[in-house]
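A quick write-up on the structure given underneath.
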Amino acid sequence: DRDITFFNDQTTDNPVLKVGGGSGYTSRVGINQRTPSATLDVVGNVEVSSNITGSGNLEIAGNISGSSSSTGSFGALSVGVGSTQLASKVTIRDSHQLPFLVQSTHADFGRIMIDGVNGDAQVSFASNNSTQWSIGNDDTDNSFVMRTGFGAFGTNDKLSLDTSGNLEVVGNISGSSTSTGSFQTIRFGPPGRNFRFYESGNDAYFGGSG
């Protein structure tokens, strides 16, 4: 094995560029790195003003910045921001109160889409890596659902709002102040038996069925 190493002074303490070899480093390039562990091993920032293309792995310890917009496609992509343990395709871990922000300059609206191609579209909320709540679209009838935990809607559902505006709540409804509103029909009771308030003309009635 042979290598060529360039230093920024007359000592061997500060290698600037290492090409080639040495024992165990064949066909590797190290920039600010004495012992490159990859084909290209860079310690420091990388600034790109054109395109990066390739079919292999790109591993960089530092920042990547570009002078123009970045576009491209990836067959498989895993990105870790502030975290080396990737629990998903993209992991962002930061002590900032707002680690992720999307801004739209569209005149009418801005949106973030989750497209459930073969199932429910779902967003989950967790506490210390334990999922507590999930909300989203139930693909069986396109109703908006809130459930505990995560998984396909239809299990542990606590609230459901269908496309006609009908609201179903599992559990009690309570408030700290007086609640007012108008309803055509209010139904409550155990499964198989419904009690309801309903109106007829100027009169209101209470009845049961089931």
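The values are calculated or read from the model by the stated rules, or taken from the named source; none is laboratory data. Everything numeric in this text was worked out from a predicted model, so none of it was measured. Cβ sites come from the backbone with ideal geometry, for glycine too, and all protein chains shown count toward neighbours. When the accessible area is computed, the model is the full protein with side chains, heavy atoms only, and any ligands, DNA or RNA have been set aside. Shrake-Rupley method; radii C 1.70, N 1.55, O 1.52, S 1.80 Å.
One residue stands out among those in the range 86-116 that are of a type in the set (Ser, Thr, Tyr) and surrounded by 10 or more Cβ atoms within 10 Å (Cβ to Cβ): the one that is farthest from Ala152 (Cα to Cα), which is Ser104. Restricted to the range 117-152, and to residues there that are of a type in the set (Val, Ile, Thr) and more than 23 Å from Ile92 (Cβ to Cβ), the residue that is least open to solvent (accessible area, probe 1.4 Å) is Val145. Considering the conditions (1) open to solvent by less than 100 Å² (accessible area, probe 1.4 Å); (2) modelled with pLDDT of 90 or more, Val81 is excluded by exactly one of them, (2). Out of everything in the range 14-66 that is among the acidic types (Asp, Glu) and open to solvent by 80 Å² or more (accessible area, probe 1.4 Å), what residue ends up being modelled with the highest pLDDT? Filtering the range 14-66 for residues that are among the acidic types (Asp, Glu) and open to solvent by 80 Å² or more (accessible area, probe 1.4 Å), the one modelled with the highest pLDDT comes out as Glu47.
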